[in-house]
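Scroll down for the structure; my scribbles are underneath it.
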Amino acid sequence: MTNRLSRRRLVAGTGLTLAALALPRPTHAQKGDRERPSEEVAPDGFRVLRARPGGYDGRLPGPLLRIRRGTELKIRLINELPEPTAIHWHGIRLPNAMDGAPVAPGQSFDTRFTAPDAGTFWYHALGSAQDRLHGVLLVDELEPVAVDRDVALMLGGAGPPQDILVRQNERLRLRLINPTNTAITVRIDRHAPRVMAIDGQPAEPFAARGGAIRLGPGNRIDLFVDAVLEPRTRAPIETAEAQSGFLPAAHLVYADGPPARTAPLAEPAPLPASGLPDRMEFRGALKLDVPLPIAAPADRAPLFRVARGRTVMLALINREKVAQSVHVHGHSFRLLDRLDDGWKPFWLDTLLVGPGETERIAFVADNPGSWRLACATLGSPERTETWFAVG
């Protein structure tokens, strides 16, 4: 395995992020050394993040943040907007007080938490009026994962396709993030990607059918891609939204030189397990039907209250003619089978519920506090939410 980085950059255009990251140690992925913007760090060690009209730190997407599992992230959010803002650490099971705290114009808020799970996450402002405020957060595993290079793609941009340089027989970890309000399908030409993680949590590895994978709003998917084509080959990574055709978002560009190894690596083992439970107790679970889109009660009462450690089972019922995206804050959930109480072999924190469909989810309410349950209509900036209490 080679740890040498041939290109390091964060392409900030109209929404497509391409960050080629050195391995194995975690680093902040930025542009090339000559044009790398300096990071603002306060004397007390907090990384300063400024909310500005053009994006966090004036960039779109905002800076890529990277830490190791079990270490502390310290962020000082300074609000330079003319209106209040709040930052949500999408998919992170963090303490309640650290998520979504409102920050008035000209004020700041210190976020600090220890990342309990390794994986691909992102951060963004709450509310549709500040949708330019988002960025990538990567939490590295305690031990290096057996890949040659690590690339994060934030989807939804209309900029020119970007090049990802590879050598024959290298293994690429491709982290896909969908920050948009629409579903995006990603297809990798002439390759056989394997899904390794969904919404930041390890999955039982499986092949992406036809080399394509679909991400709803807010979803993340980690793929392992073996570079098996000949040197000097270009293979597009294509994306499609709704009924539109596929367009290249990036290219795998094979170097003109010797392979990284004589043959591709063997089938990958699953990524290291997270701290989520191996099983859930459905007997005595709190069960509730939730019509979509979510209607927040006028008195701001919680949708439900649940004792810490109890299992929650929600039936998400979409009677509308358009899909609805549901995100549970502070928790990861399992998608239940429609015919029984078995579950899919992966965790989620965001789920797209099709028009006229009902999906059932289950999670252990093990993170105390008041948590949002958010819903967005596919393709629309409109969002609704309610909340639930764990104590």
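Coordinate-derived values only; no laboratory data. These figures come from a predicted structure and were not determined experimentally. All Cβ positions, glycine included, derive from the backbone under ideal geometry; neighbour counts span all protein chains shown.
Of note:
- Residue of LEU252, LEU348, LEU133 that the Gaussian network model of the chain assigns the largest fluctuation, springs spanning Cα pairs under 10 Å: LEU252
- For the stretch 286-390, share of DSSP beta bridges that run antiparallel, in % to the nearest 5: 75
- Ranked VAL145, VAL151, criterion: other C-beta atoms within 10 Å, fewest first: VAL145, VAL151
- Note on the chain: with a GNM built from Cα contacts shorter than 10 Å, the maximum mean-square fluctuation among GLU241, GLU267, GLU359 falls on GLU267.
- Estimated FRET transfer efficiency when R0 is 51 angstrom, pair ALA146-ALA97 (beta carbons, to 0.05): 0.85
- Proximal charge balance of LEU335 [Cβ under 15 Å; K/R count +1, D/E count -1]: -3
- Rg/Rg_ref, the chain, where Rg_ref = 2.2 N^0.38 Å and atoms are Cα: 0.97
- For the stretch 297-391, the relative contact order comes to 39 percent (Cα pairs under 8 Å, sequence separation of at least 6).
- Beta bridges per DSSP with both ends in the stretch 17-254, % antiparallel, nearest 5: 75
- Among ARG279, ARG59, ARG209, residue whose mean-square fluctuation peaks in a GNM of the chain (springs only between Cα atoms under 10 Å): ARG279
- Here the relative contact order of the stretch 126-203, from alpha carbon pairs under 8 Å that lie six or more residues apart, stands at 28 percent.
- Annotation note: trypsin sites (Lys or Arg not before Pro) in the stretch 316-389 located in DSSP loop regions with a Cβ neighbour count of at most 14 within 10 Å are ARG319, LYS321, ARG338.
- Couplings 3J(HN,Hα) for the stretch 259-268, derived from phi with the Karplus relation 6.51 cos²θ - 1.76 cosθ + 1.60 (θ = phi - 60°), are x, 5, 7, 5, 8, x, 5, 5, 3, x Hz, where x marks Gly and Pro.
- Gain on full stretching of the segment that runs from ALA104 to ARG279 - 0.36 nm per residue minus C-alpha separation: 58.8 nm
- Label-reachable residues, the stretch 263-281, where backbone N falls under 12 Å from a point 7 Å from ASP366's Cα toward its Cβ: 274-281
- At R0 = 25 Å, FRET efficiency that the Cβ-Cβ distance of LEU265 and LYS344 yields, to 0.05: 0.40
- Across the chain, C-alpha contacts under 8 Å between residues 6 or more apart give a mean separation that, scaled by the residue count, equals a relative contact order of 14 percent.
- Integer Hz, Karplus 6.51/-1.76/1.60 couplings in order for the stretch 138-147, x for Gly and Pro: 10, 10, 7, 5, 5, 10, x, 7, 6, 10
- Here LEU351, LEU373 are placed in order of increasing Cβ neighbour count within 10 Å, fewest first, which gives LEU351, LEU373.
- Environment charge at THR114 (Cβ cut-off 13 Å; Lys +1, Arg +1, Asp -1, Glu -1): +3
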